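The values are calculated or read from the model by the stated rules, or taken from the named source; none is laboratory data. The model shown is predicted, which means the values in this text are computed figures rather than measured ones. A quick note on method: Cβ atoms are made from the backbone with ideal geometry, for glycine too, and the neighbour counts reach across all protein chains shown.
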Amino acid sequence: MAYELSWYHEQRVIYVRIWGDLTLDELRHYNTEVYDKLDHGVSPVHLILDVTDMKQFPPSLTALKSTAHYLSHPNLGRNVMIGGPMLAQSFARITAQLLKLDFRTTRTMREALSLLKDGDATLVAMEEHVK
């Protein structure tokens, strides 16, 4: 697997780290895991996606749309992407615009947490444990 996924803040913030090359099959598994967490979370559930060490992402919008069903989940809140190749960031921004997602990019985990807290006052007391 080229990713790991866990709760950063139980039932409110999902943390995902992707490294290396993410295959379409891994993207399908990733979608299922995120969707499950969104089902069991307390809305809005925010997503921190750390792609600092990602090398390649499935470059097709069609592939993403057909596998990333979690992007339309009603509990999904803000999406914050940390790092990654410029092409991946551009692709993510375009996808977010098309799907009307609350999406931000940043360089560090601290900045990601700050963006979440700025957008959701209920997270102000969230502990910062940088992964």
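Scanning segment 34-54 for any residue that is modelled with pLDDT under 90, over 30 Å from Ala121 (Cβ atoms) and not small (Gly, Ala, Ser) turns up at least one such residue. Evaluated against (1) under 24 Å from Thr32 (Cα atoms); (2) buried (at least 18 other Cβ atoms within 10 Å of the Cβ), Leu123 falls short on exactly one condition, (1).
If you go through segment 64-91 one residue at a time, how many are modelled with pLDDT under 75 and either in contact with a helix residue (DSSP H, G or I) (Cβ under 6 Å, 6 or more places away or on another chain) or buried (at least 18 other Cβ atoms within 10 Å of the Cβ) (or both)? Spell out how you get there, then give the answer.
To start, the set of residues in segment 64-91 that are modelled with pLDDT under 75 comprises 64-65.
Those left that are additionally either in contact with a helix residue (DSSP H, G or I) (Cβ under 6 Å, 6 or more places away or on another chain) or buried (at least 18 other Cβ atoms within 10 Å of the Cβ) (or both): 64.
Residues meeting the conditions: 1.
When segment 28-53 is limited to residues that are within 19 Å of Gln89 (Cα to Cα) and among the charged types (D, E, K, R), the one that is surrounded by the most Cβ atoms within 10 Å (Cβ to Cβ) turns out to be Asp50.
Just checking, which of Trp7, Trp19 is free of Cβ contacts under 8 Å to residues at least 40 places away in the same chain and under 21 Å from Thr105 (Cβ atoms)?
Details: Trp7 fails: under 21 Å from Thr105 (Cβ atoms).
The unique qualifying residue is Trp19.
Residues in segment 5-33 that are assigned to a helix (DSSP H, G or I) and either of a type in the set (Ser, Thr, Tyr) or modelled with pLDDT under 95 (or both): how many? Of the residues in segment 5-33, 9 are assigned to a helix (DSSP H, G or I) and either of a type in the set (Ser, Thr, Tyr) or modelled with pLDDT under 95 (or both).
Answer yes if at least one residue in segment 19-27 is buried (at least 18 other Cβ atoms within 10 Å of the Cβ), within 25 Å of Thr122 (Cβ to Cβ) and under 14 Å from the mean Cα position of the chain (by Cα), and no otherwise.
no
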